[in-house]
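The structure appears right after this line, and notes come after that.
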Ligand SMILES: Cc1cc2nc3c(=O)[nH]c(=O)nc-3n(C[C@H](O)[C@H](O)[C@H](O)COP(=O)(O)OP(=O)(O)OC[C@H]3O[C@@H](n4cnc5c(N)ncnc54)[C@H](O)[C@@H]3O)c2cc1C
Ligand SMILES: C[S@@+](CC[C@H](N)C(=O)[O-])C[C@H]1O[C@@H](n2cnc3c(N)ncnc32)[C@H](O)[C@@H]1O
């Protein structure tokens, strides 16, 4: 179904000007003059914020940029930390109203990298490809990119006025790089600067290529000390800005954490901590992936929906993070982002989604007729629907094994935690079944259910059974097909069909559940399997569910955190939730808007 879309994010437009400059017609301004653009980024921004010395001194540099543009400042900063031998972390958040499409970004950066000093060109070319490989779809909101173990880039697509209020965190450095104030007043307004002051950490520093007096005065009025400095290139004057007041403390220091539960939630938390140089003791009563995370395959799909649909926003964050993480670290994890056809549920919902689909790029979601859906997945589907090109599947057990394969993660399996209690001097006492006690200032619960914390309410249990059917060589299925259940392409010779939802604790697979899954399959692909007896029982496990279908993630008490209640999409979303939890624990910028602290709060159902 081809129609012209009106996207809610208008992509950047660019042209190469007469003198080779990259021109932005939307603003009648220049993104970058080709000569000297990389040197300017280094001189005005990286050195302006004194980052080369901070790489050596700080454990984490939290940086906020207004105006990501082509990412020249970002790429220069990333190259600088990589060249520094520092083990510091870079948490770079950048706001952008008109992001480039991946294709345009590559072309524009290739044009500008051609003018970079030869000594840094190969490095920049490599970093550009890494950035493009993780570039998100142009949909509004937060997109966190785990680019490597040292650097995370969080892109926030939207207008500076609307997104700044929801940015949460403390920042050590700011790059102010909107176009000139007369072209673009919102980027330099008093309101914008007040937000920057709110977000500034102790001894935060900012730099700007714009040396105008009006900008200087606005910055001073919100409490920054401003001086002009000599800089590189044809714009020799830039602003150097320092906090004059002591605002907030710098990043919290955490040396070690005990994580309880080695399913996808616990393994992901352990990995995000270890990546930051923090030692983890991961305690598991059985083996890693022995709970719901041990299913042979998990479907990873965003729940499509508009701006006000919280499940859609949450699942988009989860899918995006997971896909990007696997792009960089997942070579040994069987997975495939083959896309999913999501069939019509009811007409009212379909019409709502169709309207939403008109506002997002096809690479994220598009409406498909019965014949288009059939062509995409290779088999006759029951109804029309939508195609989700970024959906796919992953092998959760292999994923967990990869996550915990890190020298800073010590796994204690076959060890049950019996009790967790506060301890006056040591923080938390973790008591094991063999009466051994482990003391830790920081503990993260990833036990699916809330058994170890009496203060957390609201997690229930729902049994689920999968069924499988042998690969049909004569009927290749190329994409996932889903609605209220799903069928996967053949993986290791079988298609998986999921899943029942029941409230009981029977661990044995049941033939009547396979029949239920057969009917589920018939509603998706009526001609795929004609005999219910061809289905065999798959694994049985339990989802930890909540009333609002969102997990409980965040801080329970001083030093005690949780990531539980992941329901039916834990494999998709728990890895991102781990980043959300760890950024809270370490006072780093959140990978999403601050409203999500309350939305996912682990005590939100507790009286
Ligand atoms: C049938 C079914 C199909 C599903 N399909 C999908 C899908 O397609 N896509 C998707 O994204 N999600 C899917 N899910 C959901 C997903 O599997 C779960 O949300 C996810 O696995 C939960 O991960 P977890 O780490 O929170 O919990 P678990 O995997 O249950 O891990 C918790 C771990 O904590 C350990 N533990 C608990 N208490 C203690 C203790 N006291 N001491 C030590 N260790 C302890 C347990 O042994 C367990 O290993 C499905 C779920 C089911 C049931
Ligand atoms: C000079 S360019 C930034 C160059 C960039 N820092 C780099 O290193 O490539 C300014 C950017 O600010 C963005 N921008 C302008 N007004 C904005 C607004 N109100 N909200 C968010 N972004 C805006 C523009 O789309 C543009 O990409």
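Directionally averaged projected area (the stretch 15-243, Cα convex hull): 11.3 nm². Extension gain for the segment residue 290 to residue 351, taken as residue separation times 0.36 nm less the Cα-Cα distance, is 17.9 nm to one decimal.
A P(r) calculated from all alpha carbon pairs of the stretch 78-186, with 10 Å bins opening at zero, reads 12, 39, 39, 10, 0 percent. Against the chain, whose longest principal axis comes from its Cα atoms, helix 72-83 is set at around 80 degrees.
Relative to the longest principal axis of the Cα atoms of the chain, helix 264-275 runs at roughly 30 degrees.
Kirkwood radius, the stretch 12-98, all distinct C-alpha pairs, inverse of mean reciprocal distance: 14.0 Å. The calculated P(r) of the stretch 100-160, using every Cα pair and 5 Å bins from 0, goes 4, 16, 24, 23, 19, 10, 3, 1 in percent. The stretch 384-442 and the stretch 521-597 have Cα centres lying 15 Å from one another.
Based on Cα contacts under 8 Å between residues 6+ apart, the chain shows a relative contact order of 14 percent. With 0.36 nm allotted per residue and the present C-alpha distance subtracted, the residue 119-residue 358 stretch has 81.6 nm of extension available. Of the two radii for the stretch 451-575, the radius of gyration is 1.07 times the Kirkwood radius, both from the alpha carbons; that is the Rg over Rh value. Annotation: average projected area of the stretch 255-348 is 8.5 square nanometres, based on the convex hull of Cα atoms across all directions. Is any residue of the stretch 539-562 close enough, with backbone N under 12 Å, to a label point placed 7 angstrom from the Cα of residue 457 along the Cα-Cβ axis, and if so, which? Residues passing the 12 Å test: none. Full extension of the chain between residue 598 and residue 432 gives 56.6 nm of extra length, using 0.36 nm per residue less the Cα-Cα distance. With everything on Cα atoms, drop me the angle between helix 347-357 and the longest principal axis of the chain, reported from 0 to 90° to the nearest 10. That helix lies at roughly 30 degrees to the long axis.
Legend: ranking of residues 253, 539 from fewest to most surrounding C-beta atoms inside 10 Å; resulting order 253, 539.
Principal axis extents of the Cα atoms in the stretch 409-505, from largest to smallest and rounded to whole angstrom, are 66, 30, 21. Dividing the summed helix terms, -39500 (n - 2.57) for each DSSP H run of n ≥ 4, by the number of residues in the chain produces a 222 nm estimate of -8000 deg cm²/dmol to the nearest 500.
Based on every Cα atom in the stretch 1-150, Rg and the maximum pairwise Cα distance Dmax equal 15.9, 55 Å.
When DSSP assigns beta bridges and you keep just the ones with both residues in the stretch 1-142, what percent turn out antiparallel, to the nearest 5?
40
Its Cα gyration tensor gives the stretch 462-519 an equivalent ellipsoid, and the semi-axes of that ellipsoid, as √(5λ) in whole Å with the largest first, are 23, 12, 9.
Taking a point 7 Å from the Cα of residue 557 along the Cα-to-Cβ direction, the residues of the stretch 393-436 with backbone N closer than 14 Å to it are 419-431. Dividing the mean sequence gap of close Cα pairs (under 8 Å, 6+ apart) by how many residues the stretch 15-243 holds gives a relative contact order of 21 percent. Site pair residue 309 and residue 148 shows an inter-label distance of 3.8 nm when each label is modelled 7 Å from Cα along Cα→Cβ. Across every direction, the projection of the convex hull enclosing the Cα atoms of the chain has a mean area of 28.5 nm².
Taken together, the values in this text are just the output of simple stated rules run on the coordinates, not laboratory data. Since the structure is predicted, the reported quantities are computational estimates derived from the model, not experimental observations. Quick reminder, even Gly has a Cβ in these numbers, built from the backbone with ideal geometry, and neighbours come from all protein chains shown.
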